[in-house]
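Student: Below you'll find the structure I mean.
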Amino acid sequence: MRKNIVAGNWKMNKTLQEGIELAKELNEVLSADKPNCDVVICTPFIHLACVTPVVNKEIIGVGAENCADKASGAYTGEVSAAMVASTGAQYVILGHSERRAYYHETVEILDEKVKLALANGLKPIFCIGEVLEEREQGKQNEVVKAQLASVFSLNEGEFGNIVLAYEPVWAIGTGKTATPEQAQEMHAYIRSLVAERYCKAVADNTSILYGGSCKPSNAKELFANPDVDGGLIGGASLKAADFKGIIDAFK
Ligand code: PGA
């Protein structure tokens, strides 16, 4: 059966020293009071090699926020999936709406990133979600279905390593959370698409996280929905107490 997961997305926050401090603090509080779900922290590239040794990997997984769409070579400034994996990281966020919007990541680019992540043993946390205008026009299902093409090209075995994250763009960093009903409705739809593409057993095994202004005060009602298997947390993952508050929603 699928896992419940709470994953943090630090985005472009924290110096190396601050990041190590946060990882240590989180490791301490979660070692003292064990979580009832999988916990992952996705950090900037430069933090990875320093963060993986300070966390107990039985309790906290580590991931990158992106990786290159090329395996290696003359791509100045890029970081490959193999490099990410060599730090001890196990996950990588791919397809985040900020990457799609600000860095023009297309479906073709994301296809390459997903393949390279899997080839290097990383589990992609693959993000999908509509912008406000699309929701207002009632196009959210269509948009999400099209975005899923990047992972639906995988075979069943490969898809088994994918974690999905539904993040309505209008809810990210805005303080506007999807209602539990809106989240459940979309998550159930996404799961039905997975069942249609693969089969019901695969759909039942797929973790689908909600992301977008998730915080300790709303996590419980969001995660209580049958098709919401945890969260991808931005702002509230930057303080150990807030992140732990969200993790405790599974207690
Ligand atoms: P937020 O970000 O929790 O700050 O809204 C979520 C995300 O972008 O993953």
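Student: When the Karplus curve 6.51 cos²θ - 1.76 cosθ + 1.60 is applied with θ = phi - 60°, which whole-Hz ³J(HN,Hα) does each residue of the stretch 224-235 get, with x for Gly and Pro?
Tutor: Each residue's phi maps through the Karplus curve to give 6, 6, x, 9, 9, 9, x, x, 10, 10, x, x Hz.
Student: May I ask you to evaluate 6.51 cos²θ - 1.76 cosθ + 1.60, the Karplus curve with θ = phi - 60°, for each residue of the stretch 119-124 and list the ³J(HN,Hα) values in order in whole Hz, giving x for glycine and proline?
Tutor: So the Karplus estimates, Gly and Pro as x, are 4, 9, x, 8, 8, x Hz.
Student: Distance between the C-alpha centers of the stretch 123-194 and the stretch 66-100? Whole Å please.
Tutor: Taking the Cα centre of each part, the stretch 123-194 and the stretch 66-100 sit 21 Å apart.
Student: Could you give me D for the stretch 151-251, from Stokes-Einstein at 37 °C and 0.692 mPa s, where the hydrodynamic radius is the Kirkwood radius over C-alpha pairs? Units µm² s⁻¹, please. The partial results should precede the final answer.
Tutor: Details: Rh = 14.0 Å.
Estimated diffusion coefficient is 235 µm²/s.
Student: Something else about it: How large is the accessible surface of TYR210 in square angstrom, using a 1.4 angstrom probe and rounding to the nearest 10?
Tutor: Surface accessible to solvent at TYR210 totals approximately 0 Å².
Student: Still on this model: If you take every residue apart from SER97 with its C-beta less than 12 Å away from the C-beta of SER97, what net charge results, scoring Lys and Arg +1 and Asp and Glu -1?
Tutor: Numbers: positive: LYS11, ARG99, ARG100; negative: GLU98, GLU105, GLU130, GLU134, GLU167.
So the environment of SER97 carries a net charge of -2.
Student: Probe radius 1.4 Å, ligands and nucleic acids ignored: give me the carbon and sulfur share of the accessible area of the chain as a rounded percent. Don't skip to the end; give the middle numbers.
Tutor: Values: 5810 of 11100 Å².
C and S fraction of accessible area: 52 percent.
Student: What is the set of long-range amide H partners of GLY8 at a cut-off below 5 Å, with H atoms built 1.01 Å from backbone N?
Tutor: Residues meeting the criterion, in which the H sits 1.01 Å from N, are VAL40, ILE41, CYS42, ILE233.
Student: Determine one quarter of the surface area of the Cα convex hull of the stretch 5-250, which equals its mean projected area, and express it in nm² to one decimal.
Tutor: Average of the hull's projected areas for the stretch 5-250 equals 12.2 nm².
Student: Would you mind counting up the charge near GLY235? Only other residues with Cβ under 14 Å from its Cβ, with Lys and Arg at +1 and Asp and Glu at -1.
Tutor: Details: positive: LYS11, LYS14, LYS176, LYS215, LYS239; negative: GLU98, GLU167, ASP242.
Cβ neighbours under 14 Å give a net charge of +2.
Student: Which three extents, in angstrom, do the Cα atoms of the stretch 56-140 have along their principal axes, listed largest first?
Tutor: Result for the stretch 56-140: principal-axis Cα extents of 44, 37, 19 Å.
Student: Excluding same-chain residues fewer than 8 positions from LYS115, which lysines have a Cα within less than 26 Å of its Cα?
Tutor: LYS3, LYS11, LYS57, LYS70, LYS123, LYS145, LYS200
Student: Something else now. Whole-Hz ³J(HN,Hα) for each residue in the stretch 126-135, computed from phi via Karplus 6.51 cos²θ - 1.76 cosθ + 1.60 with θ = phi - 60°, x for glycine and proline: what do you get?
Tutor: Calculated HN-Hα couplings, in order: 9, 9, 9, x, 9, 8, 4, 4, 5, 5 Hz.
Student: Leaving out ligands and nucleic acids, and using a 1.4 Å probe, what accessible area per residue does the stretch 5-250 come to in Å²? Could you put the intermediate results ahead of the total?
Tutor: Details: 10610 Å² over 246 residues.
Heavy-atom SASA per residue in the stretch 5-250 reads 43 Å².
The values are calculated or read from the model by the stated rules, or taken from the named source; none is laboratory data. Note that this is a predicted model, so its numbers are computed, not measured. FYI the Cβ positions are ideal-geometry reconstructions off the backbone, even for glycines, and counts take in every protein chain you see. Only protein heavy atoms, including side chains, enter the accessible area calculation; ligands, DNA and RNA are left aside. Shrake-Rupley method; radii C 1.70, N 1.55, O 1.52, S 1.80 Å.
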